[in-house]
Structure formats: C-alpha cells, structure tokens
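S.K.: Supplied in structure tokens, the structure appears directly below.
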Amino acid sequence: MARAVGRATGKAILVGEHFVVHGVPALAVPVPGGTVEAELGEAGTGPVPAGHVRACLEVLHRRWGAPAPDALSVAVRSSLPAGAGLGSSAALSVALGRAWVARTGRARSDDELREASLACERIAHGNPSGIDTEVALTGRALRFVRGAPPRPLAIAPGLGLLVVDTGAPRSTRSMVEEVERRRAEDPAAFERRATRIRELVEAVEGALATGDLPTLGAAFDAAQRVLADLGVSTPELDRAAAALRRAGAAGAKLTGKGGGGAVIAPCRTSELKAVADRLRAGGWQVALAGELPDGRKEHGR
Ligand code: MEV
C-alpha cells in the first residue's frame, strides 16, 4: 500500500495561556513556518512507533479500528521545537489522524479528528483547554473560549512574529498543575490576574485588526508581567524577552505553558529580518519568524 502523509500546524498563543484552561478567552495563531508532518507506512519499512507517537496511534486504533500501531511504521518531520509551548503535541496528533485517513482511505470528520486529538492531548497534558488542537485542526488564527466554537481572528497585513527558543522545556502537565495549585492557594489573586488578561485579550484583538503595532507590543509586555507574576516565567524567558525588545520588537512575552521554551514578539514584517539578525548577533536562537496569518484565510492545513 502507498505511504500516507498528514500535516498540521503548531500554534503560538498571543495572549491568554493558562487562563484559557479556566474559561478566559485566548488568542492564538498558526506559528509561522511551524508544521509537523507524519508519514505512515507498513511495519518494517521505517521507524517503529514509540513514545507519544505510539500512544496517539493507540488512541486512533481504539477509536477508529485497524491498523494497530504494530502494523505501522511512522516517520515524523517537524519544523517546531518540541516542548517549547508551540503546540507540537497537538499538531502531531492531528497530523497522525490525517495520515491515518490517507492510509486507510476511510474519511473522518473534523469532529472525530478533534476528539481523537483531544484524547491524545489528555495523555500528554492532563487538562487541555483544546486551543492547540483547534489551531492544528483549522490552520487559522482564532479567538478561543473553552467549550465554545472558536472565532477566526482578523489580522491586518504587515504584522510579523518572531519566535525565540530558550530551550529547557518543562512538561505542559507540570506547568498546568502548578498554576492550578497557585489558583487554589489564592483564588482572589488568580481572579485579579484573569481580569487583567481579559482586558489584554480585547486590546490585542483590536490591535491585530487595525495593525496597531505599538498597542500590540505594549499588550504583549503587560501579558508577560502577568505571567511572570503567576510564576510561569523564568529568568531566561525574561532575558529573551528583553533581548527581543532591545533588538527592535514592539514587545515580547513567553507563549504557551512557560517554565522554559519559546518567547514571541511582534514587529512589522518589513523589520523581521533586521530584528532577527540583531538577535542572532547577540547569540539568541531565532526558531521561527514570519507574517501573522489573517484568521479569515486558511493556513497550513
Ligand atoms: C498550552 O499550549 C497552553 C496552556 O494554556 C494549556 C492549555 O490551554 O491547554 C498552558
């Protein structure tokens, strides 16, 4: 039988990570240039499925029937740094689901793919809000509220995003559990921070629609302060954010679970190369960079 390929995009949360698990809105985009590709073949013709790849194939087997993981080989190619908060695990599960459809010729609806991906995400990370799966599935910039249908995000042309990876990934599960512990310890403080994030979600959504870079940058900086206050930033993430601002980005913040991983920063697309060059000259690793994709158009599906 022919080999079969499925793809899906990673995501960058612009504002609302962690709080989105508890019902606060969040805004996310397909991370520019960040995709995962999975290729399924006959067992013995390529890598043996292992680790989280195997766990996802077991989910598909239980839900959708044959082939079992032992009947398959799987090659995974990814331009996303793994574990950096860029949605690589949700992108992997959606890519595997699509590869399964391509290999078996048995169509699956987006709802079935979503449910399978969420089952994989629950293994990886316990209590997923679903935002990573939704971006991987739709390939669109979205406004997302847990349990509600997401809305495409309008983004004016000419806005770019830089992603710097600080390494030292922590598991999403441990970060989400840590935030839950802090919330239980001091619910009032958590609620005050959630209120601030709600305001920033509105500010970022408006700035994206109108292409207002200074407001966008200021909102990123404000969101970073809230996340640092919540305890999910690290000295290295703070240093990377400062380096991005010095290099000419309009603002900067960690993205996703934090505790290590990626920092994101907006700038004009015309400035992306110059800012990235300054960062590299300062020894920082620019993982990805590109234009922020308008959610009214599909991207990377
Ligand atoms: C992980 O990409 C984002 C978190 O908000 C968890 C989630 O929304 O599932 C930390």
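S.K.: Under 10 Å, Cα contacts only: if you run a Gaussian network model on the chain, which one of Glu112, Glu39, Glu291 comes out with the highest mean-square fluctuation?
M.R.: In this elastic network of the chain, the residue with the biggest mean-square fluctuation among Glu112, Glu39, Glu291 is Glu112.
S.K.: In the range 4-151, with Lys and Arg counted as +1 and Asp and Glu as -1 at Cβ, which of these residues, Ala116, Val101, Thr138, has the Cα nearest the positive end of the dipole, that is, farthest along it?
M.R.: Thr138
S.K.: Moving on to the next point. Which aspartates and glutamates, on any chain, are close to Lys257 with Cα under 18 Å apart, when same-chain ones fewer than 8 places away are left out?
M.R.: List returned: Glu17, Glu121, Asp132, Glu134, Asp165, Glu177, Glu178, Glu180, Asp221, Asp229, Glu236, Asp238.
S.K.: Order the following by accessible area, largest value first: Glu185, Glu58, Glu205. Probe radius 1.4 Å; ligands, DNA and RNA are ignored.
M.R.: Largest to smallest exposure gives the sequence Glu185, Glu58, Glu205.
S.K.: By how many degrees, 0 to 90 and rounded to 10, does the Cα axis of helix 110-125 deviate from the longest principal axis of the chain?
M.R.: Approximately 70 degrees, to the nearest 10.
S.K.: Where Rh is the Kirkwood radius over the Cα pairs of the range 155-291, the temperature 4 °C and the viscosity 1.567 mPa s, what D in µm²/s does Stokes-Einstein return?
M.R.: Once the numbers are plugged in, D ends up at 85 µm²/s.
S.K.: With n ≥ 4 as the cut-off for DSSP H runs, can you work out [θ] at 222 nm for the chain, using -39500 (n - 2.57) per run divided by the number of residues, rounded to the nearest 500?
M.R.: -14500 deg cm²/dmol, from helical runs alone.
S.K.: A follow-up question, please. Where only protein heavy atoms count, and the probe is 1.4 Å, what is the accessible area per residue for the chain in Å²?
M.R.: For the chain, the solvent-accessible area averages 39 Å² per residue.
S.K.: Note down the Stokes-Einstein diffusion coefficient of the range 59-175 in µm²/s, whole number, using a Kirkwood radius over alpha carbon pairs, 37 °C, and 0.692 mPa s.
M.R.: 208
S.K.: Rounding to the nearest 10 and keeping the result within 0 to 90°, find how far the Cα-based axis of helix 187-210 lies from the longest principal axis of the chain.
M.R.: 90
S.K.: How far is helix 88-104 tilted off the main Cα axis of the chain, in degrees rounded to 10, range 0 to 90?
M.R.: Here the helix axis deviates by roughly 30 degrees.
S.K.: Name the residue, out of Ala71, Ala156, Ala136, whose mean-square fluctuation peaks in a Gaussian network model built on the chain with Cα pairs under 10 Å.
M.R.: Result: Ala71 has the largest fluctuation of those listed.
S.K.: Tally Lys/Arg at +1 and Asp/Glu at -1 over every other residue whose Cβ is under 15 Å from the Cβ of Pro157; what's the total?
M.R.: Local net charge: -1.
S.K.: I've got another one for you. So what is the relative contact order for the chain, in percent, with contacts set as C-alpha pairs under 8 Å and at least six apart?
M.R.: 26
S.K.: If each residue of separation counts as 0.36 nm, what is the full-extension length gain between Ala75 and Thr210 once their alpha-carbon separation is subtracted?
M.R.: 44.5 nm
S.K.: To check my understanding: the extent here is largest minus smallest coordinate of the Cα atoms along each principal axis. What are those three numbers for the chain, in Å, largest first?
M.R.: Per principal axis, max minus min of the Cα coordinates gives 53, 44, 34 Å.
S.K.: What is the percent carbon and sulfur in the accessible area of the range 4-151, measuring with a 1.4 Å probe over the protein chains and ignoring ligands?
M.R.: Exposed carbon and sulfur together represent 53 percent of the surface.
S.K.: Additional query: Mind grabbing the accessible area of His125 for me, 1.4 Å probe, Å², rounded to tens?
M.R.: Taking all protein chains as shown, His125 has close to 20 Å².
The values are calculated or read from the model by the stated rules, or taken from the named source; none is laboratory data. Just so you know, these numbers come straight off a predicted model, no measurement behind them. We place every Cβ from the backbone using ideal geometry, glycine too, and count neighbours over all the protein chains shown. To get the accessible areas, we keep the full protein, side chains included, count just its heavy atoms, and leave off ligands, DNA and RNA. Shrake-Rupley method; radii C 1.70, N 1.55, O 1.52, S 1.80 Å.
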